[in-house]
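Okay, so here's the structure we're looking at.
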Ligand SMILES: Cc1cc2nc3c(=O)[nH]c(=O)nc-3n(C[C@H](O)[C@H](O)[C@H](O)COP(=O)(O)OP(=O)(O)OC[C@H]3O[C@@H](n4cnc5c(N)ncnc54)[C@H](O)[C@@H]3O)c2cc1C
């Protein structure tokens, strides 16, 4: 912020004004953190969980029930649900991270 | 606005030359985040700065090509299983769905002090934050004779998917049955560790069907296959017996006609030479003075992907000095982009960046048009060491090549293209 305020150009002033007005940029750091964790799933499951190719088992995650998502992710992580790749990927996240990610997808339409 | 649409839609060089002097009128004054390069990293970064700021931060993406063309799946074009056009995605989604200004041009210079980028066709754009995702530059001049052979179209690399991929396919088609195709791999790191090993499998797949007396020879500067070694070697010997010869520790030091010269071993003559030279960060990053790691790769602060050499310039994708275990892959470039975009949105919002970013990688390789193997990993930021590390116990390889993973590979491609450009 310091450098932005120090600048005297019109463009910077406009940006600062829009920041002060709040709006979407007023989201808190925690929300942004969960959004960016969930974004690690988007390469295969689509932006914000809206998969455009579900035919190959790359499920659409947006709007699924949170408890169901946590259950499936945990089953992959513990090796109880067979998979080609998801058992390997879910082991890279803590249970708390998986819970937050599941909550994010459940909240998407 | 009308002029911009006209120039972007024109394509014809004559018209562009005519209007060249006014090219800057396409650039909005309000540009705040400028992204250079519309590949796997840049397109994703442009989209996610818009998404994560709920479309509040203005983004300009600068890319010289008309459309994005995927390197992943491009080895299938050499096999004959796919057309190059099936790998292309237009930038219209970024324009229409996300309000990104896509400028068809090449950035010829960056001024980190003035915070501007200069366009090859004239004019400059000011940025608050710059994202560079220029990919790699193939250092043809590191192999004597290669620049000339490449300029004449005799010795190709096809390591940036596009017209060269099609030209290499034509060379393979013209090869008589009984001919020899040779691919050379530089010492790691290079773009896409498993890519060359996938390429020889798919060229062999074509030979097996169309010219079974032909041969593939892979000269690797590395001591062994650098990725998915056991899976590739098993596929080569079981699917293409006698067709592929693998020669490790062969470093190319020159090209004369159709002959490869090596540091230690005997010369080798082949009908089609496909030479992958050493690589470094894309030219614009090098020329801006950002390639501070061995003069080849850009050092970044991994928490935000900001260059360690210049403030407010974030560098992602193949151009960076990688953390341990991090491959130069499209999936990884897309992952970098999201961390960088979130950090940029945070900073422009007056927030601290996410202290615990995560990156994933999944990389599918075709060993035949319908058989695939993968490698996967998850990387977490470790504050104490200021780097990303592979999460212990995460990731791994396919248990065996299989057809289900071929479907996943195609689904992955569709979804990552949509995630970056849709
Ligand atoms: C044969 C092959 C197979 C592969 N298979 C896979 C795979 O299965 N999975 C996977 O994850 N990865 C794969 N990869 C790797 C993947 O292609 C790269 O890692 C990825 O493209 C890197 O993204 P990037 O954004 O760094 O660069 P790129 O995607 O190359 O994008 C760079 C862009 O920047 C533009 N540019 C450069 N300089 C400028 C400038 N000065 N001004 C404006 N624009 C500029 C270029 O035109 C280009 O569009 C493969 C690569 C190859 C060659």
| Looking only at the range B:67-79, and only at residues there that are in a loop (DSSP other than H, G, I, E, B) and away from every other protein chain (no Cβ under 14 Å), the one that is nearest to the ligand (Cβ to nearest atom) | B:71
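Are there any strands (runs of 3 or more DSSP E) wholly within the range B:281-397 with 2 or more residues that are away from the ligand (no atom under 14 Å from the Cβ), and if so which? Please lay out each step first, then the result.
Details: elements: B:313-315, B:358-368, B:371-382, B:387-390.
Those strands (runs of 3 or more DSSP E) span B:358-368, B:371-382, B:387-390.
Which is over 30 Å from residue B:342 (Cα atoms), free of Cβ contacts under 8 Å to residues at least 60 places away in the same chain, within 16 Å of the ligand (Cβ to nearest atom) and more than 14 Å from chain A (Cβ to nearest Cβ), of B:185, B:216?
On the way: B:185 fails: free of Cβ contacts under 8 Å to residues at least 60 places away in the same chain.
Exactly one residue qualifies, and that residue is B:216.
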| said: Can you find a residue that is modelled with pLDDT of 95 or more, within 16 Å of the ligand (Cβ to nearest atom) and within 16 Å of residue B:284 (Cβ to Cβ) anywhere in the range B:140-159? | reply: no
| task | Filter the range A:19-40 down to residues that are more than 7 Å from every other protein chain (Cβ to nearest Cβ) and either modelled with pLDDT under 90 or surrounded by fewer than 22 Cβ atoms within 10 Å (Cβ to Cβ) (or both), then give me how many there are. | result | 9
| said: Please go through the range B:51-66 and give me each residue that is over 17 Å from residue B:342 (Cβ atoms) and either at pLDDT below 95 or within 14 Å of chain A (Cβ to nearest Cβ) (or both), ordered by number. | reply: B:58, B:60
| query | Which members of the range B:392-412 meet the condition of being surrounded by fewer than 20 Cβ atoms within 10 Å (Cβ to Cβ) and either over 21 Å from residue B:373 (Cβ atoms) or more than 7 Å from every other protein chain (Cβ to nearest Cβ) (or both)? | reply | B:392, B:397, B:399, B:400, B:402, B:403
| note | Residues of the range B:94-111 being over 14 Å from residue B:67 (Cα atoms) and more than 15 Å from the ligand (Cβ to nearest atom), in sequence order, are B:96, B:97, B:98, B:99
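Is it fair to say residue B:124 is under 30 Å from residue B:308 (Cβ atoms), within 15 Å of the ligand (Cβ to nearest atom) and either exposed (fewer than 15 other Cβ atoms within 10 Å of the Cβ) or not assigned by the TED database to the domain that holds residue B:87 (or both)? Steps first, answer last, please.
Details: under 30 Å from residue B:308 (Cβ atoms): yes; within 15 Å of the ligand (Cβ to nearest atom): yes; either exposed (fewer than 15 other Cβ atoms within 10 Å of the Cβ) or not assigned by the TED database to the domain that holds residue B:87 (or both): no.
When the stated conditions are applied, residue B:124 does not pass them.
The values are calculated or read from the model by the stated rules, or taken from the named source; none is laboratory data. Worth saying up front: this structure is predicted, and the values here are computed from it rather than measured. When we count neighbours, we look across all protein chains shown, and the Cβ atoms used for this are built from the backbone with ideal geometry, even at glycine.
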